[in-house]
Amino acid sequence: MQLCFATNNAHKLKEIKALLGTNFELKTLQEIGCNEELPETTDTIEGNSAQKAEYVWEHYGVNCFADDSGLEIEALNGAPGVHSAYYSGERNHARNIERVLKELANEDNRKARFKTVITLTLSGKSYSFEGIVEGVIIETPRGTDGFGYDPIFVPEGYDQTFAEMTLEQKSKISHRSRAFAKLVLFLKDHS
Ligand code: ITT
């Protein structure tokens with residue numbers, strides 16, 4: 001089956017190709033002739049992931065899946081959420097972390113979770129797959145691996161931040177791998 005993964009992130013593409021095996025002819029956006037920015041204008045992670053996958057189906061007639069992720073902090077009513085990438089006003093991980101830590105100063109409730117939602121649109125019908133990892137936000141960033149909010153996020157049941165883990169360790173428990181595992185199971189059943 002021909003299937004497009006609506007991302008421009010080569011790293012994500014490589015990971016999912018390895019998981020899917022050869023039953024699927026996985027295409028990039030460029031390979032299906034889509035070179036424009038996909039719309040991400042809803043106010044939820046779920047909404048943005050659906051918007052991207054459905055856009056590709058509607059404009060290119062290709063079956064497609066898209067993901068969207070973010071960090072949801074309980075004491076901030078779920079922020080930064082859908083605004084995670086640009087929380088400080090720019091796409092800058094250090095600044096985004098700074099803003100979060102400032103907003104959580106003097107806050108005892110440090111509970112947070114990373115969430116990924118993948119939407120798969122097959123012949124116009126959409127299915128969604130969610131992956132969540134619960135954890136806490138620490139006061140001072142630790143670790144150099146990973147990206148985004150990894151240096152301030154410690155997953156439940158662990159002492160290390162995501163940025164102190166190897167990619168392999170993080171991948172075993174991450175929100176993204178959990179959502180992708182559900183997608184892969186679904187696709188294997190439907191191939
Ligand atoms: P693409 O949309 O180009 O794939 P992105 O950086 O926007 O890349 P996501 O939609 O997956 O990536 O995530 C949005 C933001 O949420 C991201 O920029 C980070 O700030 C944060 N985030 C998501 N997953 C994360 C993770 O595993 N570790 C740390 N921060 C993460």
Inset, instruction - Quick one: compute the contact order of segment 63-180, relative version, from alpha carbon pairs under 8 angstrom and 6+ residues apart, as a percent. - result: 24
Inset, instruction - Check the cysteines of the chain one by one and keep only those with no other cysteine Cβ under 4.7 Å from their own. - result: CYS34
Inset, instruction - With a 1.4 Å probe and every protein chain kept in, tell me what percent of the accessible surface of the chain is carbon plus sulfur. - result: 46
Inset, instruction - Determine which lysines satisfy two conditions relative to LYS111: a Cα distance under 18 Å, and not lying fewer than 8 residues away in the same chain. - result: LYS102
Inset, instruction - Of the options THR41, PRO151, HIS11, report the single residue whose Cα projects farthest towards the positive end of the charge dipole of the chain (beta-carbon charges: Lys, Arg +1; Asp, Glu -1). - result: HIS11
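Charges at C-beta only: +1 for Lys and Arg, -1 for Asp and Glu. How large is the resulting dipole of the chain about its Cα centre, in Debye rounded to 20?
Dipole size: approximately 440 debye.
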Legend entry - Most to least packed among 9-22, 176-189, 67-80, 94-107 [average Cβ atoms within 10 Å]: 67-80, 176-189, 94-107, 9-22
Inset, instruction - Roll a 1.4 Å probe over the protein chains and send me the accessible area per residue for segment 142-187 in Å². - result: 50
Legend entry - Debye, to nearest 20: dipole size of segment 3-113, +1 on Lys, Arg Cβ, -1 on Asp, Glu Cβ: 420
Legend entry - Spherically averaged projected area of the chain from its Cα convex hull (nm²): 10.7
Legend entry - Cβ-Cβ FRET estimate between THR42 and ASN77, R0 fixed at 30 Å, reported to 0.05: 0.95
Legend entry - Total formal charge among the other residues, if their Cβ is under 12 angstrom from that of ALA163, Lys/Arg +1 and Asp/Glu -1: -1
Legend entry - 19 Å Cα-Cα reach of LYS27 towards aspartates and glutamates, excluding residues that sit fewer than 8 places from it in its own chain: GLU15, GLU36, GLU37, GLU54, GLU58, ASP67, ASP68
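The values are calculated or read from the model by the stated rules, or taken from the named source; none is laboratory data. On a predicted model such as this, the values are computed, not experimentally measured, just so you know. Positions of Cβ are generated from backbone atoms using ideal geometry, with glycine treated the same way; all protein chains shown enter the neighbour counts. Calculation scope for accessible area: heavy atoms of the full protein, side chains included, ligands and nucleic acids excluded. Shrake-Rupley method; radii C 1.70, N 1.55, O 1.52, S 1.80 Å.
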